[in-house]
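A quick write-up on the structure given underneath.
Every number here is computed from the coordinates shown, using simple stated rules; none is lab data. Quick caveat, the model's predicted, so the values are computed rather than measured. Glycine gets a Cβ as well: all are built from the backbone with ideal geometry, and neighbour counts include every protein chain shown.
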Amino acid sequence: MTASGRVVRTEGLSLLYGKVRALDDVSIDLPAGCIVGLIGPDGVGKSSLLALIAGARRIQQGQLDVLEGDMRRAGHRARICPRIAYMPQGLGRNLYPTLSVRENVEFFGRLFGESREERERRIADLLEATDLAPFAERPAANLSGGMKQKLGLCCALIHDPDLLILDEPTTGVDPLSRREFWALIARIRAARPGMSLIVASAYLEEASEFDHLVAMDDGRVLAAGSPSEILNRTGTASLDEAFIELLPEERRAGHHDLIVPPRDPAGRGDCVVEAENLTVRFGDFAAVKGVSFRIGKGEIFGFLGSNGCGKTTTMKALTGLVEPAEGTTRIDGKTVDARDMATRKRIGYMTQSFSLYSELTVRQNLDLHARLFDMAPAGIAPRIAELAERFDLEAVLDSLPLQLPLGIRQRLSLAVALIHRPEVLILDEPTSGVDPVARDIFWQALVDLSRKDGVTIFISTHYMSEAMRCDRISLMHEGRVLVSDTPEAIREGAGAATLDDAFIHHLERAQGENGTPAAAHRVDLVAEASSAPRRRHGRVSLARLLSFSWRESLELRRDPIRLTLASVGSVILMIVLGYGISMDVEDLKFAVLDYDQTIASQSYVNDLAGSRYFDEQPPLIDHADIDQRMRAGEISLALEIPPGFAADVERGRPVEIGAWFDGAMPMRADTVRGYVQGMHVHWLTDQLRQVYGEDAVTGSYSLEMRYRYNPDVESLAAMVPAVIPLLLMLIPAMLAVLSVAREKETGSIVNLYVTPALRLEFLLGKQVPYIVLGFLNFLLLLALAVFVFGVPVKGSLLALSAGALVYVILATGLGLLISAFTRSQVAALFFTALATLIPATQYGGIIDPVSSLEGMGRGIGEVFPTSHFVTISRGVFAKALDFGDLAASFVPMLLLVPVLVALGTIFVRKQEA
């Protein structure tokens, strides 16, 4: 409990995402020592406010005090960070899916600096208290939604916080898991009566149990107070009604209570949608298990269940998007076939997430989908006008979808699903996150479609109030239908007061039949609360750094894709590049246009063809033949021997031979030209020797040419030592950048923002496993060079290994630096490839020495580490160099290490901007 009696105070707090205002002049005081609930639909600013309170997002405008201190001050955030726990929105968003239950909790304990003994005790108590102890070794990815939320709570409570922030912790989980979750929260509060909780909730029925509520809409606070105070203020009986009353007049104008008239008895005998023993598998996992139901014409059939229970998969099977492993699905008695467009045109499908084209206007989206369903062009415009009038879209027809409120976007999605006049409408959680007014408007449209147009509607929902509006519902759990009947019949059959209680009844019975363990012994969390003193978290901690390394190593070992990229990918690229990049010219295909046709001209051609560098092809006919065969790639060199060639040679007159080169590859053409000139001089010299004797070709001096380090002048001996630096820059940098980009995509990067971890600890901790992996990669490439390519190491192996280690540190550091500027894995891979391959190949000395470059290219070559490691690699492989000879290459690389670490620490954020 704080001295002021409040845990949070805001004044004029505003937040913008580009041009979108998420929070608008929010000024509230949140009391300490109680449960404070933020209520409102999606997109009203609840998550943004919680992220600011947790310190995960940077304050743009206004004042925010948390635990009696200014959240703008980094020092205050660092001091109170160990006193705050934050669970972001989304099932398991702050968890690591490949880590087990125990490993996830242990990682958070390590981040908060708990000793091993304290950590083990806390983990055992929390897993026992949440009934997760039997699943301690199960990967987080294999947990149900409710179990993920319990695990997230364990991770949040491992350090015994004073302020617990939960962003929609029960959204998407079944009613039984919701009840167990809040029972656990109640026991935690009993153990820690001074703990403050701030919760965002999408379920107003559970919000009615909170101590204090803040109703929000469009980034503003509508009202604050206890549930009873808000109900008294609005003169309503429920929070749903109260929230509607609190909305601005223009938002609730025309709203009325929704009345669902009874279904026409005439259509009750007609079966339109049918599933029989439907089973869908993804590999070994059965997502849907033996589901059967029948839906009549004009019926509203509801599908209820938690996220991951198989609702969406069942719907996709009905549309032909998923192929059943067993059983059948039928529309009007005809088996659904993904290739039968006639059947699919009878179905309108609205996906769970918004799936229209954001770059097209409302009108263009409607027009596009009408054309996709082969509607007659003359009927498209009238149909768009009809739907726009029906769903009140006329004023927004020329607007982009993302500029519209969520409720209007949902009506647009419904209009798109109806554009082709389907007989069956399948809606996957269409009102998730929509405010009560927009939800009622949407449901009025569904009721009209069902009762007036006879459209059969199959809808999934999390809201029990919506389920009560359906003609019949099915309760689904873990791929199976538990019960199907009218909502009232299900409630009465379970002897329950509410449909929510009836669902819980059936869930408990199903768990009993499946042998699910009963609730474990409830640990007294009061007695076991952490008694460790608060630690100072502002200094660099080796323990936290190694915690990141430990977690990253576990994830890396369990990720076959990244391990394959590091090992098999390197081997394949080494072989391809080692053999593929060659400056050698052997078996060059050439042909001759011989206008002389003498023994001398034939001797000239034979001398060329007898070399290992050239491969003679059938003779040329004329100049057109030269052009045609060179275009076709049949030859790379054409020689033209003029008439009188033999006579000129015999009389000692100047001899000219025409040589035509394929100049598409200038470097290769230049090499070939040198070979041809050498062969030409050799042949002429030989002819002079035959006519005039040795004295005719004996000069006053003799030039003897020898090649050091690579006496055979083979490309392989030069390219293999250069390919190793190229791959050691590319692969480790990609692995490092992906490690951060993946966390940004999944949302687990929030753990850096809201824990005591420092940016330096985060970066170095992540870097260590990839340095080890990169060095093992170097040893693999070294073995390939020596034993496969036959390129021996002539110099100091220790110097080469030391250089590789420093170089891998630089490569992974560069990858982590790039990760600061990318938010997706695709973008991270793209920018890393550009930032490594282009400088390494063009300016790294692989093909041309850095000393031959000029201007900016020379500067890049001197700074980029590849040029220095290429010098080390070629020096050790070919020139037998050691540490003393290579000191000038080691120094720049060593100086770059702290520079990259510092840049990474500066640019990687500790808060979301």
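Here are a few things to note about the model shown:
- Separation between Cα centres of segment 884-903 and segment 20-36, rounded to whole Å: 50
- From the coordinates shown, Cα Rg over 2.2 N^0.38 Å corresponds to which of [x] 2.17; [y] 1.01; [z] 1.26: [z]
- Reachable lysines from K311, criterion Cα separation under 17 angstrom, eight or more residues apart if same chain: K289
- Annotation: the antiparallel percentage among DSSP beta bridges lying fully within segment 588-696 is about 35.
- Each Lys and Arg Cβ is given +1 and each Asp and Glu Cβ -1; about its Cα centre, the chain then shows a dipole of about 2460 debye.
- Eligible lysines near K345 by straight Cα distance, threshold 16 Å, same-chain separation 8 or greater: K316, K334
- Sorting Y203, Y770, Y579 from the fewest to the most surrounding beta carbons within 10 angstrom yields Y579, Y203, Y770.
- Sequence-distant lysines (8 or more away, or on other chains) whose Cα lies within less than 18 Å of K452: K297
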